[in-house]
Amino acid sequence: MVFHIDGNSFYASCERVFRPDLYKTPICVLSNNDGIIVALNAECKALGYKRGDVFFKVKNQMEKQGVKPFSSNYTLYSDMSARMNLIYNRFAPEVEFYSIDESFLYFPDWTTDYTAIGHEIKQTVTKETGIPVSIGIAPNKTLAKMCNKLAKKREGTGIVQGVCNWLELNHDEELSNYPAGDIWGIGWSKTDFLKKQNITTAFHLKNYPLDKAKKHLTITGMRTVEELNGKTVIGKVEPKSRQVSMVSRSFQNPVFELDDIITALAEYTQEAVLRIREENLCCKYVSVYLMTNAYAQGEQYFNQMSAELPMPTNYLPYITAAANELLKKIFRPDYKYRKVMIGLTGLEPDNTSQLDLFNDYENQSKLNAPLMQVFDKINGRYGRGTLKLACGLTGKKPEEIDTIPWELRREYLSPRYTTNINEIPLIY
C-alpha cells in the first residue's frame, strides 16, 4: 500500500507552530522580495485571496481584514520538513521525499489496519511537530494522491478525520464525483482535450481506452488511466543527478557598486556549490550573468561570460574566485543593476582519486574537502550564511551590512526558531 502524506497549508502551518496566538488567523506567505503570495492557509483563502496575488495590491485590504503576512523562511520550512520525514521513516519501511511538504510511504501488503496506521502517523506528526497533515491510502500513487485530496476536503466533517483509505470507499461513486482535471498527472492542456471528448470525471477517465490514452495523453496519461483501474505502474522516483546548478535573485533596490555585486555573487555561488556537493558532484564550467531591470526606465545592459576551470572541482574558494573574475570583466559602471546570476555546468561525479604530484590545483581541492564538509555542517546546523567567504563589502562598517542594497526585501521574516540558538522562542 502507498500512503501519500501532505502538510496542510504547510508554509503557513510552519509559521503558526511557534505563534499559537495566530490560531485561526488568516496567514499568507510571500515570495522573494515580498512580491507575490505563494502560500496561504484556509482562513486566508476563505477571504478570497489566492496564490499569485500581487502583495502590494492587496496589502492594505489584508491589513483591514487582519491577515498576517510572512516573508518566505525556507530555513524554517526545510527543517520542519526534515523532522516530518524522520517521523515517517519510523513507521514505513520505505519513504520517498516528493517535495518539501509531500512524501510517499510504501508499506508491504500486510493484513493490517492501514487506516489505524494513518491515524497514528497523523497524530504523531501533529504532536511532535505541530504541523497538521492529511493522508491518502491506496494501492498506487495516483489513487493515494486522490485520497489525500478527499481527506483534506472532509477534514473535520466526521467522515475520515484527515485520513482517507481507498479500500474503504465506494470506488465508482468517488470517481464519478471527482473532476478529471484534479487527477495527478492531468494538466490543464490535457483537461481541455478531455472536456472536448466529454471526459469530465475520474470515472470517465478510468474507462478511457488505453490506446487512445497513449496517443492523446502520452505515456504518462496512459499510466494514470491504468492506476485509476487499480494497477500499480508508477514506481518510486529515483533522484537523478542534476545537469546544472544555477542561482539568481533580484536585488531589493538597484545596485551600482561592484563590491556590493561581488558580495551578492559570493552568496549565490556558495548556494550553487552547496547543491552540487550535496549530490557529490563537481563542475567544469562557471558562468556569470549580470543585468539591469528591463522594465525600468534608463539605459539597459545585459552581459554574460563563462570560463572553464583547470579541473572539475566543488571547492568553493576556487569557484568563487573564478566567478568574481568573470564578474569584473563584464561589470560596467553607472548602470542600475537588478540581478546577478551564477551557473555551474559540466557537472560530473566527484570520484575520489589518487593525488597528482604535479597538479596542485586538484590536490588542494581534495585535501580541503574535509574543510568544506565542516563548512556545510555548520551552516546546516546553525542556518545558511553562518559561515561565508569574505568577499566584497570593502570599506563597509558592521552596522551597514544588514542594509546592503542587494539583500532581499523580507520585511515580514519570522525567526529561524529551529536552527539558530539566538532566535529560539521565549516562553514566559
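The values are calculated or read from the model by the stated rules, or taken from the named source; none is laboratory data. Because the structure is predicted, anything quoted here is derived from the model rather than measured. Here the Cβ positions follow ideal geometry from the backbone for every residue, glycine too, while neighbour counts run over all protein chains shown.
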Discussion item. So, restricting to helices (runs of 4 or more DSSP H) that lie completely within region 167-250, which ones have at least 2 residues that are touching a residue at least 60 places away in the same chain (Cβ under 8 Å) and within 30 Å of Val273 (Cα to Cα)?
Written reply: none
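Kindly establish whether Ala39 is under 25 Å from Asn420 (Cα atoms), touching a strand residue (DSSP E or B) at 6+ places or on another chain (Cβ under 6 Å), assigned to a helix (DSSP H, G or I) and among the small types (Gly, Ala, Ser). Full working, then the answer.
Numbers: under 25 Å from Asn420 (Cα atoms): yes; touching a strand residue (DSSP E or B) at 6+ places or on another chain (Cβ under 6 Å): yes; assigned to a helix (DSSP H, G or I): no; among the small types (Gly, Ala, Ser): yes.
Against the criterion (under 25 Å from Asn420 (Cα atoms), touching a strand residue (DSSP E or B) at 6+ places or on another chain (Cβ under 6 Å), assigned to a helix (DSSP H, G or I) and among the small types (Gly, Ala, Ser)), Ala39 does not qualify.
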Worksheet item: Name the residues in region 1-20 that are charged (D, E, K, R) and under 14 Å from Gly130 (Cβ atoms), would you?
Response: Glu15, Arg16, Arg19
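Take Lys59 and tell me if it is part of a loop (DSSP other than H, G, I, E, B) and not polar (S, T, N, Q).
In short, no.
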Fill in: Complete set of residues in region 251-283 that are assigned to a helix (DSSP H, G or I), out of contact with any helix residue (DSSP H, G or I) (no Cβ under 9 Å at 6 or more places or on another chain) and among the hydrophobic types (A, V, I, L, M, F, W, C)
Ala264, Ile276
Worksheet item: Do we have Val54 as surrounded by fewer than 16 Cβ atoms within 10 Å (Cβ to Cβ), over 13 Å from Ser13 (Cα atoms) and without any contact (Cβ under 8 Å) to a residue 40 or more places away in the chain here?
Response: yes
Practice prompt. May I ask you to list the residues in region 181-233 that are among the acidic types (Asp, Glu) and surrounded by 20 or more Cβ atoms within 10 Å (Cβ to Cβ)?
Written response: Glu227
Practice prompt. Out of Ala151, Ala144, report the one residue that is surrounded by 20 or more Cβ atoms within 10 Å (Cβ to Cβ), among the aliphatic types (A, V, I, L, M), modelled with pLDDT under 95 and in the same structural domain as Gly185 (by TED's automatic domain parsing).
Written response: Ala151
Worksheet item: When you go through (1) crowded, with 17+ Cβ neighbours inside 10 Å; (2) within 26 Å of the chain's Cα centre (by Cα) one by one for Ser248, which number turns out not to apply?
Response: (1)
Item to complete: Considering (1) within 27 Å of Trp184 (Cβ to Cβ); (2) modelled with pLDDT under 90; (3) touching a strand residue (DSSP E or B) at 6+ places or on another chain (Cβ under 7 Å), say which one Asn33 fails and leave the rest.
Response: (1)
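Matching residues to (1) at pLDDT below 95; (2) part of a helix (DSSP H, G or I); (3) assigned by TED's automatic domain parsing to the domain that holds Arg16; (4) closer than 14 Å to Phe3 by Cα:
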| residue | (1), (2), (3), (4) |
| --- | --- |
| Arg83 | yes, yes, no, no |
| Phe97 | yes, no, no, yes |
| Pro108 | yes, no, no, yes |
| Thr126 | yes, yes, no, no |
| Gly158 | yes, no, no, no |
